[in-house]
Amino acid sequence: MDHPETATPLELSEQSRQRIADIIDRYPTGQSALMPCIWVIQEEIGWIPPAAIDHLVDTLGVTRARVHELLTFYTMFRTEKPAQYVLEVCQNISCHVLGAREIIAHLEKRLGIRIGEATPDGKFALHGVECLGACGHGPMLQLGKHFYEYLTPEKVDDLLENLRKDVVPRADTDRHLEEDA
Amino acid sequence: MSREECKILSARFGRPDGHRLKVYEAEGGYQALRQVLGERQPDEVIEAVKESGLRGRGGAGFPTGVKWGFVPKDADQVYFFVNADESEPGTFKDRYLMDYDPHQMIEGTIISSYAVRANLAFIYIRGEFGWLIDRVQKAVDEAYAAGYLGKDILGRGYDLDMIVHKGAGAYICGEETGLINSVTGTKGQPSIKPPFPAVSGFLGKPTIVNNVETVAAVPWIMIHGAEAYRAHGTEKSAGTKLWSVSGPVKNQGVFEVPLGIPFADFYRDHLGGMRDGEEFKACIVGGSSVPVLTADEMMGCNLDYESLQEAGTMLGSGGMIMIPKSADMVELIKVLMHFYWDESCGQCTPCREGTGWLHRLIGKLLKGEGVPDDLDLLDKVCEGMGGLTICPLADAAVMPMQSFLQRFRAEFEARIHETATPGSPSRWARGE
Ligand SMILES: Cc1cc2nc3c(=O)[nH]c(=O)nc-3n(C[C@H](O)[C@H](O)[C@H](O)COP(=O)(O)O)c2cc1C
Ligand code: SF4
């Protein structure tokens with residue numbers, strides 16, 4: 001079939017291709033394998049480019065509409081290239097009573113953008129999100145796979161300073177990296 | 001009441017090495033599984049769990065053994081799902097269970113799956129818990145390598161595969177049919193019940209969905225027996241419960257206590273009271289979807305299903321949100337209504353439109369544009385939502401909304417007379 005969206009073919013590592021093959025093997029139907037396969041691609045590329053949609057349609061035998069359905073329903077899937085560091089700050093009730101608003105105001109000031117925006121250089125984006133399951137650890141933000149918790153303006157400054165130098169500091173949820181070493 | 005008194009679920013919380021298979025085994029881990037596969041028929045496991053009085057810890061509190069008993073005995077294929085979507089605002093206990101003790105949950109899942117004769121189990125973890133998903137996957141890999149998962153487990157002829165499934169950001173996938181639909185590779189929108197998943201769920205086959213905390217209690221019950229479990233808690237609320245506590249108290253965190261203890265004791269002994277300079281005003285005791293109680297009401301409650309229901313709220317997920325006097329109740333309910341509006345899956349008109357109305361009306365109050373009729377309108381919108389939808393998300397929005405209005409009406413009325421700057425009149429009060 002001719003796919004009008006395919007401008008460039010999907011570049012995917014051998015490792016990710018193997019992961020996709022394993023998922024297809026383990027999940028009972030092609031469609032049930034769709035969500036984890038989207039994750040494999042997003043975890044490697046950072047988002048789901050049009051060529052990835054073609055790839056999913058071809059490998060899983062699902063319709064194009066089905067892929068779009070998932071990509072638009074689930075808020076964590078990205079259909080545009082994201083900023084290098086996407087900071088997602090919890091705005092829900094527990095973080096709110098623990099001072100999330102002050103933390104957001106501080107981030108906005110330091111980054112020179114409002115919540116929902118990205119810096120023009122594409123380095124940072126700032127999002128307000130719903131409860132992340134870190135309620136007794138707030139205020140907090142998520143960056144990639146990790147949570148930065150018990151935030152204070154000083155801790156935010158330290159985080160931003162490091163990220164500007166492309167150093168991702170140890171997150172509060174990183175403790176097992178040392179334990180497992 | 002000492003803090004060490006009961007550690008059925010939380011024995012390894014806070015320990016750096018509790019997640020390792022070796023540590024879990026050294027402390028008696030996987031002995032329950034050996035015993036069950038060696039000595040008990042699936043139905044005997046179901047009976048034991050029924051007798052223990054264990055109730056679902058995901059929110060609804062349904063008796064676990066009874067739910068397992070609904071699976072038809074002649075089913076050719078059964079699925080078991082662990083609900084680790086943990087997205088109810090105020091709740092963060094399943095995270096502790098998976099972070100500090102993933103093998104306890106895995107062992108509980110294997111025994112539970114055996115009880116309902118499932119050969120494939122999914123652990124559905126919310127996608128935001130990126131680091132936890134890696135941790136649980138590692139533990140599952142360890143369990144496979146040790147022969148606790150896969151074909152012919154421990155040589156007893158039972159097969160079980162376990163898949164760690166990563167969610168992708170949707171509160172509604174925590175609702176059990178939404179969760180099942182999500183794993184079939186569609187939008188995670190709930191389905192109408194009946195049929196209940198125990199009869200027709202994943203791919204049309206009988207499917208049991210249980211919360212992480214529910215399955216985590218199963219190994220202990222198998223080893224120590226139903227009676228020992230019932231020795232904790234009250235007659236109808238057996239065992240222990242994990243409370244996730246957030247807010248400006250001295251000690252936040254996840255606490256395991258027997259069901260039925262007085263809140264006042266818990267507040268004093270575990271939370272240490274409020275932080276200096278803060279005063280206790282209100283509490284949402286079971287996650288954001290249950291009615292709020294005032295501090296006075298809370299001080300008179302016991303922490304179990306029945307007492308909390310009598311007091312006009314629900315135990316829910318045990319996500320205890322402690323609200324200080326300095327918090328503005330109108331702002332807080334705006335945060336919550338934004339959440340339900342954002343997370344409504346949009347299938348049912350009363351939910352999709354109602355949550356939008358509530359959220360916009362409160363926004364109007366906060367902008368100083370409210371008029372007295374708005375409070376009645378809030379009530380009316382709530383009346384048009386409750387009990388009318390496919391899943392309880394609409395009710396989950398209505399319960400905090402109505403209870404905030406009822407118990408803290410003066411704060412809402414003040415908003416009609418004042419703008420966000422206290423003392424300056426709203427547009428209505430200015431006669432505009
Ligand atoms: C909107 C909504 C969200 C829910 N979210 C969760 C959740 O995150 N985790 C959970 O275990 N149960 C959640 N539930 C409850 C589940 O539908 C289901 O009752 C539960 O997982 C059953 O397990 P249990 O009997 O062990 O409690 C939610 C229900 C609703 C209506
Ligand atoms: S009540 Fe709301 S969330 Fe639940 S099925 Fe209906 S629209 Fe979806």
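The values are calculated or read from the model by the stated rules, or taken from the named source; none is laboratory data. Because the structure is a prediction, the values reported are computed rather than measured. Glycine gets a Cβ as well: all are built from the backbone with ideal geometry, and neighbour counts include every protein chain shown. What goes into the accessible areas is simple: the full protein's heavy atoms, side chains included, and nothing from ligands, DNA or RNA. Shrake-Rupley method; radii C 1.70, N 1.55, O 1.52, S 1.80 Å.
Out of the helices (runs of 4 or more DSSP H) lying entirely within region B:328-406, which hold 3 or more residues that are away from ligand 2 (no atom under 16 Å from the Cβ), under 24 Å from the mean Cα position of the chain (by Cα) and within 14 Å of chain A (Cβ to nearest Cβ)? Outline the logic, then answer.
Numbers: elements: B:329-343, B:349-366, B:373-383.
Filter on region B:328-406 gives B:329-343.
Contact annotation: residue pairs with Cβ atoms under 8 Å, 6 or more positions apart or on different chains, pairing a residue in region B:343-361 that is within 14 Å of ligand 1 (Cβ to nearest atom) with a partner that is assigned to a helix (DSSP H, G or I) and β-branched (Val, Ile, Thr), are B:Glu343/B:Ile172; B:Ser344/B:Ile172; B:Ser344/B:Thr355; B:Cys345/B:Ile172.
Look through B:Gly90, B:Gly59, B:Gly53 and report the one residue that is within 16 Å of ligand 2 (Cβ to nearest atom), of a type in the set (Gly, Ala, Ser) and on the phi > 0 side of the Ramachandran plot.
Details: B:Gly90 fails: within 16 Å of ligand 2 (Cβ to nearest atom); B:Gly53 fails: within 16 Å of ligand 2 (Cβ to nearest atom).
Result: B:Gly59 is the single residue among B:Gly90, B:Gly59, B:Gly53 that is within 16 Å of ligand 2 (Cβ to nearest atom), of a type in the set (Gly, Ala, Ser) and on the phi > 0 side of the Ramachandran plot.
The set of residues in region B:101-134 that are assigned to a helix (DSSP H, G or I) and facing another protein chain (nearest Cβ under 10 Å) comprises B:Gly130, B:Trp131, B:Leu132, B:Ile133, B:Asp134. Looking across region B:192-231 at every residue that is buried (at least 19 other Cβ atoms within 10 Å of the Cβ) and among the small types (Gly, Ala, Ser), the one that is farthest from B:Ala32 (Cα to Cα) is identified as B:Gly201. Among the residues of region B:267-299, those that are among the basic types (Lys, Arg) and either in contact with a strand residue (DSSP E or B) (Cβ under 9 Å, 6 or more places away or on another chain) or at pLDDT below 95 (or both) comprise B:Arg275, B:Lys281.
If you filter region B:204-247 down to residues that are among the aliphatic types (A, V, I, L, M) and within 17 Å of B:Tyr96 (Cβ to Cβ), you find that the one that is nearest to the other protein chains (Cβ to nearest Cβ) is B:Val245.
In region B:383-395, the residues that are outside the structural domain of B:Gly354 (by TED's automatic domain parsing) and open to solvent by 60 Å² or more (accessible area, probe 1.4 Å) never reach a residue that is modelled with pLDDT of 95 or more and within 14 Å of ligand 1 (Cβ to nearest atom) with C-beta atoms less than 6 angstrom apart, at least six apart or across chains.
Do the conditions hold for B:Gln77, that is, is it assigned to a helix (DSSP H, G or I) and either at pLDDT 95 or above or within 16 Å of ligand 2 (Cβ to nearest atom) (or both)? For B:Gln77, the condition - assigned to a helix (DSSP H, G or I) and either at pLDDT 95 or above or within 16 Å of ligand 2 (Cβ to nearest atom) (or both) - is not met. Filtering region A:101-112 to residues that are open to solvent by less than 20 Å² (accessible area, probe 1.4 Å) and farther than 14 Å from A:Leu163 by Cβ leaves A:Ile103, A:Ile104.
Quick one: would you say A:Glu69 is surrounded by 15 or more Cβ atoms within 10 Å (Cβ to Cβ) and free of Cβ contacts under 8 Å to residues at least 12 places away in the same chain? When the stated conditions are applied, A:Glu69 passes them.
Are any residues in region B:193-206 assigned to a loop (DSSP other than H, G, I, E, B), away from ligand 1 (no atom under 13 Å from the Cβ) and touching a residue at least 24 places away in the same chain (Cβ under 8 Å), and if so, which ones?
Restricting attention to region B:193-206, the residues satisfying the condition of being assigned to a loop (DSSP other than H, G, I, E, B) are B:193-201, B:205-206.
Next, only the ones that are away from ligand 1 (no atom under 13 Å from the Cβ) stay: B:194-195, B:199-200, B:205-206.
The answer is B:Val199, B:Lys205, B:Pro206.
Scan B:Glu432, B:Glu353, B:Glu418, B:Glu413 and give me the residue that is acidic (Asp, Glu) and within 30 Å of A:Thr75 (Cβ to Cβ). Checking each option against the conditions leaves just B:Glu353.
Here B:Lys187 passes the criteria (1) more than 8 Å from chain A (Cβ to nearest Cβ); (2) within 16 Å of ligand 2 (Cβ to nearest atom); (3) basic (Lys, Arg) except the one numbered (1).
Residues that are modelled with pLDDT of 95 or more, farther than 21 Å from B:Asp85 by Cα and among the small types (Gly, Ala, Ser) do not occur anywhere in region A:88-97. Of the set (1) open to solvent by 20 Å² or more (accessible area, probe 1.4 Å); (2) within 16 Å of the chain's Cα centre (by Cα), all apply to B:Val285 but (1).
Yes/no per residue for (1) over 30 Å from B:Ala282 (Cβ atoms); (2) at the interface with chain B (Cβ under 9 Å from one of its Cβ atoms); (3) open to solvent by less than 20 Å² (accessible area, probe 1.4 Å):
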| site | (1), (2), (3) |
| --- | --- |
| A:Ala21 | yes, no, no |
| A:Gly30 | yes, yes, no |
| A:Ile45 | yes, no, no |
| A:Met76 | yes, yes, no |
| A:Cys95 | no, yes, yes |
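Among the candidates A:Asp58, A:Asp121, A:Asp54, which residue alone is touching a residue at least 40 places away in the same chain (Cβ under 8 Å), farther than 19 Å from A:Pro153 by Cα and more than 15 Å from the chain's Cα centre (by Cα)?
On the way: A:Asp58 fails: touching a residue at least 40 places away in the same chain (Cβ under 8 Å); A:Asp121 fails: touching a residue at least 40 places away in the same chain (Cβ under 8 Å).
Criteria check complete, one pass: A:Asp54.
Regarding region B:177-185, can at least one residue be identified that is in contact with a Leu (Cβ under 7 Å, 6 or more places away or on another chain), touching a residue at least 12 places away in the same chain (Cβ under 8 Å), open to solvent by less than 10 Å² (accessible area, probe 1.4 Å) and outside any strand (DSSP E or B)? No: region B:177-185 contains no residue that is in contact with a Leu (Cβ under 7 Å, 6 or more places away or on another chain), touching a residue at least 12 places away in the same chain (Cβ under 8 Å), open to solvent by less than 10 Å² (accessible area, probe 1.4 Å) and outside any strand (DSSP E or B).
Being open to solvent by 20 Å² or more (accessible area, probe 1.4 Å), of a type in the set (D, E, K, R), in contact with a strand residue (DSSP E or B) (Cβ under 6 Å, 6 or more places away or on another chain) and assigned by TED's automatic domain parsing to the domain that holds B:Val218: is that true of B:Arg55 here? Yes; evaluated as a whole, the condition is true for this residue. Taking region B:172-183 as the range and being within 7 Å of ligand 1 (Cβ to nearest atom) and either among the β-branched types (Val, Ile, Thr) or within 7 Å of chain A (Cβ to nearest Cβ) (or both) as the test, only B:Ile172 passes. If you go through region A:75-99 and keep only what is touching a helix residue (DSSP H, G or I) at 6+ places or on another chain (Cβ under 8 Å) and of a type in the set (Ser, Thr, Tyr), you end up with A:Thr79, A:Tyr85, A:Ser94.
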